[in-house]
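Reading through the structure tokens given below for one structure.
The values are calculated or read from the model by the stated rules, or taken from the named source; none is laboratory data. Nothing here was measured: the structure is a model prediction, and the numbers come from that model. With ideal geometry, Cβ positions are generated from the backbone for all residues, glycine too; neighbour counts draw on all protein chains shown. For accessibility, only protein heavy atoms count, side chains too; no ligands or nucleic acids. Shrake-Rupley method; radii C 1.70, N 1.55, O 1.52, S 1.80 Å.
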Amino acid sequence: MNDKPDLDAIFRNAVDKIPADELERRLRSGDTLRVKLGLDPTAPDIHLGHAVVLNKLREFQKLGHTAVLVVGDYTARVGDPSGRSKTRPVLSPEQIEANTRTYLEQAYRILDPELTEVRHNSEWLAPLSLADIIHLTRATTVARILERDDFSKRYTANDQISLTELLYPLMQAYDSVAVVADVELGGTDQLYNLLMGRQMMEYYGKRPQCVLTMPLLVGTEGKMKMSKSLGNYIGVSEPPNDMYGKAMSIPDELMPDYYTLLLGCTPPDTEPVQQKRELARSLVRNFHGDSAVSDAERTFDTLVQRKVPDDAPEVSLPHEDQIWIVDLIVRSGFAQTNGEARRFIKGGAVRIGGQVLSDERASLPTEQLAGQVIQVGKRRYARLVAAS
């Protein structure tokens, strides 16, 4: 272990440090700490939003601490209700297993696999008896559970909250008991769950873990947190051309956040377009290697220089706040059915503003679409205009 830990590196960009004095004391102790990060494999890919906290876990690894990556293969059956206005759909065991494989492959693009302890929470959650679960529920109260912002809003609005969702914070908290975590990492939206981990460890007679949270990365549209379901993400395993193009679409004002959270530095003192180019190059280099950078940049430049035909039709956007990408393709006249539109998306044939859209579930903000060009295939274009 490093006798003089780089506390500046550990605390850089962090939001919550709870309790700060205790966390600093453990870091200065010279002990090898067990640093936990839990990821539920509810989707097949990891995006740059996940990379923010994975980078922080990698910093702990570099200082000699043990990175404990908890794959929530059991909690994924419930789905994390954090920030949700409705119950998540239930995933099949096959989906969870497939997602787990890709999650780990992509996480190892950031973490050192030789220094990562991977655990699946089905190891300890699946064997729990009814008596064990009843004992688990005594660790907290209904009032404490309903303190969660998402639960309280749904409860007040008379929206459905399943009992399994109420159990989710307890299940995730029990993970910390099982792996005997010294520190748990997460995004700021996970603070409630992480603090429940402290409470659960104390309930089971363990030394409570410390908590360190990281900011949420805003997505490429510039408003909401990065999310697959919103279609505003950059996946860590996306092809270099798509990664480069999406990085070039990020709003200028987000450059400081992307540089500090993903590259650990400040943007160069250049024009925003040059800052984006350097960010795009760095992301492609980090996830695909030096050799992929020049081709990705050349492809992007060719794309933006290609003129949209003057006679490209205009498509009026709906009055709604968002539109499903499949509906947009059909509305634009590029597909006769939803199934045909989905095939275009799966084939990588759909672009908006030069950015490939690959998630058929994505709903896009209509405000951001106005003035953009939608392209399907190589020669079909339409200009998107605000609803009249």
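Please give the charge dipole size of the chain, origin at the Cα centre, charges +1 on K and R Cβ atoms and -1 on D and E Cβ atoms. Round to the nearest 20 debye.
440
If the viscosity is 1.306 mPa s and the temperature 10 °C, what translational diffusion coefficient in µm²/s does Stokes-Einstein give for segment 233-380 when Rh comes from Kirkwood over Cα pairs? Each step should come with its number before you reach the end.
Working: Rh = 16.5 Å.
In µm²/s, the coefficient rounds to 96.
At 15 angstrom or more along the helix axis (alpha-carbon based) and mean Kyte-Doolittle of -0.5 or higher, what helices does the chain contain? Whole DSSP H runs only.
Working: long enough: 48-62 (21 Å, -0.13); 93-107 (21 Å, -1.19); 163-179 (25 Å, 0.76); 191-203 (18 Å, -0.07); 272-288 (23 Å, -0.96); 293-305 (18 Å, -0.30).
Membrane-span-like by this criterion, though nothing is claimed about a membrane: 48-62, 163-179, 191-203, 293-305.
Rank Leu195, Val183, Leu91 by how far each Cα sits towards the positive end of the charge dipole of the chain (+1 on Lys, Arg Cβ; -1 on Asp, Glu Cβ) and give me just the farthest.
Leu91
Ignoring ligands, DNA and RNA, what percent of the 1.4 Å accessible area of the chain is carbon and sulfur?
Details: 9080 of 18430 Å².
The nonpolar share, carbon plus sulfur, comes to 49 percent.
Cα-Cα pairs above 23 Å in segment 59-186: how many percent? Write down the numbers at each step before the final one.
Details: 3368 of 8128 pairs.
Above the 23 Å cut-off, segment 59-186 has 41 percent of its Cα pairs.
What percentages make up the Cα-Cα pair-distance distribution of segment 216-273 when the bins are 5 Å wide from 0?
All Cα pairs, binned at 5 Å, distribute as 4, 19, 27, 30, 16, 4, 1 percent.
A 23 angstrom limit on the alpha carbon distance is what I want to check against. Which of Lys36/Lys206; Lys346/Lys378; Lys228/Lys346; Lys228/Lys378; Lys153/Lys246; Lys56/Lys228 exceed it? Spell out each step's value before the answer.
On the way: Lys36/Lys206 15 Å; Lys346/Lys378 15 Å; Lys228/Lys346 15 Å; Lys228/Lys378 25 Å; Lys153/Lys246 34 Å; Lys56/Lys228 21 Å.
Beyond 23 Å: Lys228/Lys378; Lys153/Lys246.
Given the C-alpha atoms of segment 308-347, compute the convex hull and give its volume per residue in Å³.
Numbers: hull volume 3.6 nm³, N = 40.
Per residue, the Cα convex hull of segment 308-347 comes to 89 Å³.
I need the calculated FRET efficiency for the pair Thr141 and Lys346, taking r as the beta carbon distance and R₀ as 35 Å, to the nearest 0.05. Intermediate results must be reported in sequence, preceding the final value.
Details: r = 47 Å, r/R0 = 1.33.
Once the sixth-power term is evaluated, E becomes 0.15.
Expressed as a rounded percentage, what relative contact order does segment 258-368 have, with Cα pairs under 8 Å and six or more residues apart? Intermediate values should be presented prior to the final figure.
Values: 76 pairs, mean separation 22.0, N = 111.
With pairs under 8 Å counted, the relative contact order is 20 percent.
With an 8 Å cut-off on Cα pairs and a minimum separation of 6 or more residues, tell me the relative contact order of the chain in percent.
15
Longest exposed-loop-site-free stretch of the chain, with GluC sites (Glu not before Pro), DSSP loop and at most 13 other Cβ within 10 Å?
Details: sites that count: Glu147, Glu320.
Counting only loop sites that pass the neighbour cut-off, the longest clear stretch is 148-319.
Whole number in Å², please: accessible area per residue of the chain, 1.4 Å probe, ligands, DNA and RNA not counted.
Numbers: 18430 Å² over 388 residues.
Per residue, the chain has an accessible area of 47 Å².
Excluding same-chain residues fewer than 8 positions from Lys223, which aspartates and glutamates have a Cα within less than 12 Å of its Cα?
Output for Lys223: Glu253, Glu367.
When a/c reaches 1.5 or more, the comparison of a/b and b/c decides; with that in mind, is segment 345-388 rounded, prolate or oblate per its Cα gyration tensor? Before the final figure, lay out the partial values.
Numbers: a/c = 2.55, a/b = 1.34, b/c = 1.90.
Note, shape of segment 345-388 comes out oblate.
Helix-derived [θ] at 222 nm for the chain: sum -39500 (n - 2.57) over DSSP H runs of at least 4, divide by residue count, nearest 500? Each step should come with its number before you reach the end.
Numbers: 17 runs with 161 residues, N = 388.
Only helices count here, giving -12000 deg cm²/dmol.
From the P(r) of segment 280-358, can you give the percent of Cα pairs sitting at distances over 14 Å?
Working: 2220 of 3081 pairs.
Here the long-distance tail beyond 14 Å is 72 percent of all Cα pairs in segment 280-358.
Given segment 263-302, report the % of alpha carbon pairs whose separation exceeds 15 Å. Write down the numbers at each step before the final one.
Values: 333 of 780 pairs.
In whole percent, the long-distance tail amounts to 43.
Note the per residue figure in Å³ for the convex hull of the C-alpha positions in segment 1-57. Numbers along the way, then the final one.
Details: hull volume 6.0 nm³, N = 57.
About 105 Å³ per residue, rounded to a whole number.
Decide, for segment 160-296, between rounded, prolate and oblate: order the square roots of the alpha carbon gyration tensor eigenvalues as a ≥ b ≥ c, take rounded if a/c falls under 1.5, and otherwise choose prolate if a/b is larger than b/c, else oblate. Show your work: numbers first, answer last.
Numbers: a/c = 2.60, a/b = 2.24, b/c = 1.16.
It comes out prolate by the Cα gyration axes.
If you wrap a convex hull around the C-alpha atoms of segment 170-216 and split its volume per residue, what is the figure in Å³? Intermediate values should be presented prior to the final figure.
Details: hull volume 2.5 nm³, N = 47.
Normalising the Cα hull of segment 170-216 by residue number yields 54 Å³.
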